[in-house]
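Just so it is clear, none of the values below were taken in a lab; they were calculated from the coordinates. Since this is a predicted model, take the numbers as computed values, not measurements. Note that we place each Cβ from the backbone using ideal geometry, even for glycine, and neighbour counts take in every protein chain shown.
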Amino acid sequence: MNNRVKMQLQCPMPKFDFDIITLGHGSGGLLTNRLLDSGVFDLLKNDLLDERHDGAIFSVETGRMAFSTDSYVISPIFFPGGNIGELAVNGTVNDLAMCGARAKYLSLGFIIEEGLSMTEFWEVLVGIKSAAQAAGVQIVTGDTKVVERGKGDKIFINTSGVGDLHPRADIHKSRVKAGDKIILSGAIATHGVAILSVRQGLEFETDIVSDTVALNHAVVHLLDQFGADIHLLHDPTRGGVATVLNEMARATRCGVRLLEKNIPVLEAVAGACELLGLDPLYVANEGVFLAVVAAEQADAILEVLKKDPVGENAAIVGEITAEHPGQVVLQSKIGGKRVVNMPIGEQLPRIC
């Protein structure tokens, strides 16, 4: 039984005196307070949120901090393996982890379309609580707005987060150099294919579920042991692995050599991509990160990562090279080579 299902059993939906969210629930008045009191504050309860102030006041350790913000507009809001609430928490936690930071506090902003059912809203809230608990973060402040029917798509969520940098983290594009190895923490394209299967009503021989998960614990574990040997971290969400590697190649003025045979893709996902005419390298992910690491420690880092639940399918998929600066070149399984270009548009819009 996964964490989300356990949370749903532990958090049965309370009896609301309304079935759907109306414009009045975004007025800031009585209905807004009823909405928050009957669900949000009780479910996400903690000392800082209980203050119900416009912001949260907390103490931080001296040293470096990281801050990140992101908005989530995924369609549909419920998908195999998760929902928009879990995605919002995991996404911001992961963005902080890619900075080498340990996420501590998140803000939560809802933009709700008039007519969203309380049953759906409660399920999103439970997803938020489940993801926050798994990641070890607190929701400490937030905001709720309601827009007219037809002016949104059920619910949009903004999350912002802060965290303290790991004392051994030294993550920056300037540290990437020729000879560094590139590690993928898991199988790619799973999230994007899961979303597409729901949108198009597709059925595959095996269930494909989103890989949305918090990566912070795995990253902290690696930093604890390897510190400065980890030169750069990135999560390949929109645009997939191809986009992230192209951005990195251009920013560092190095080349990237990618080995197709080493890139982990679940068999069902690979089959779906072939059927749909998609290149897995360009499909979004939500529970995978790329690490550029010192060559001499790559095998040791991989060994540790593969022992973590999020890294079971991890692999060394390429290296940084002084050749073809600014370009990503893929060596195919049959020995040929091709340039992996930056995508012009998005293969799958509204993916996160």
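So which of K177/K306; K173/K261; K104/K154; K181/K306 end up more than 22 Å apart by C-alpha? Don't skip to the answer; put the middle values down first.
Working: K177/K306 24 Å; K173/K261 26 Å; K104/K154 28 Å; K181/K306 16 Å.
Violating the 22 Å limit, Cα to Cα: K177/K306; K173/K261; K104/K154.
What trypsin sites (Lys or Arg not before Pro) does the range 304-349 have in DSSP loop regions with at most 15 other beta carbons within 10 Å?
Counting only loop positions with at most 15 other Cβ atoms within 10 Å, the trypsin sites (Lys or Arg not before Pro) in the range 304-349 are K307, K333.
Go through 217-224, 72-79, 15-22, 190-197 and give me the packing order, highest mean Cβ count within 10 Å leading.
My ranking of the peptides, most packed first, is 190-197, 217-224, 72-79, 15-22.
In whole angstrom, note down how far apart the Cα centers of the range 296-352 and the range 187-262 are.
Each part's Cα centre sits 8 Å from the other's.
Could you tell me which residue out of G161, L36, G91 lies farthest along the dipole of the range 3-165 toward its positive end? Charges go on the beta carbon: Lys and Arg +1, Asp and Glu -1, centred on the Cα centre.
G91
Mind checking the angle between helix 240-252 and the chain's longest principal axis? C-alpha axes, 0 to 90 degrees, to the nearest 10.
60 degrees
If the reach is capped at under 17 angstrom between alpha carbons, list the lysines near K15, excluding any in the same chain fewer than eight residues apart.
none
What would the Debye equation give as log₁₀ I(q)/I(0) for the range 173-339 at q = 0.11, 0.15 Å⁻¹, counting only Cα atoms as equal point scatterers?
So the normalised log intensities are -0.43, -0.80.
Taking only Cα atoms, what is the 0 to 90° angle, nearest 10, from helix 190-200's long axis to the longest principal axis of the chain?
50 degrees
Using only the alpha-carbon atoms, how far is helix 118-135 inclined from the longest principal axis of the chain? Give it as 0 to 90 degrees, nearest 10.
The angle comes out at about 50 degrees.
Would you pull out the residues with amide H under 5 Å of L215's amide H, same chain only if 5 or more places away, H placed 1.01 Å from N?
Counting only residues 5 or more places away or on other chains, the set is N94.
Can you give the FRET efficiency for K306 and L48, using 1/(1 + (r/R0)^6), R0 = 30 Å, r = Cβ-Cβ distance, to the nearest 0.05? Walk me through the numbers before you get to the answer.
Values: r = 37 Å, r/R0 = 1.22.
According to the calculation, E is roughly 0.25.
Over the alpha carbons of the chain, what is the largest minus smallest coordinate on each principal axis, giving the biggest first in Å?
Principal-axis extents of the Cα atoms in the chain, largest first: 64, 51, 36 Å.
Quick one: which of 169-175, 51-57, 85-91, 155-161 comes out on top by average Cβ neighbours within 10 Å, and what's the full order, highest first?
On the way: 169-175: 15.6, 51-57: 11.4, 85-91: 28.6, 155-161: 22.6.
Going by the mean number of other Cβ atoms within 10 Å, highest first, we get 85-91, 155-161, 169-175, 51-57.
Bin width 10 Å, origin at 0, all Cα-Cα pairs of the range 289-352: what percent of pairs per bin?
Using 10 Å bins, I get a P(r) of 16, 33, 38, 12 for the range 289-352.
If you count, for each residue, the other Cβ atoms within 10 Å and average over each peptide, how do 255-266, 319-330 line up from highest to lowest? Working shown, then result.
Numbers: 255-266: 18.8, 319-330: 17.1.
Those peptides, ordered most packed to least, come out 255-266, 319-330.
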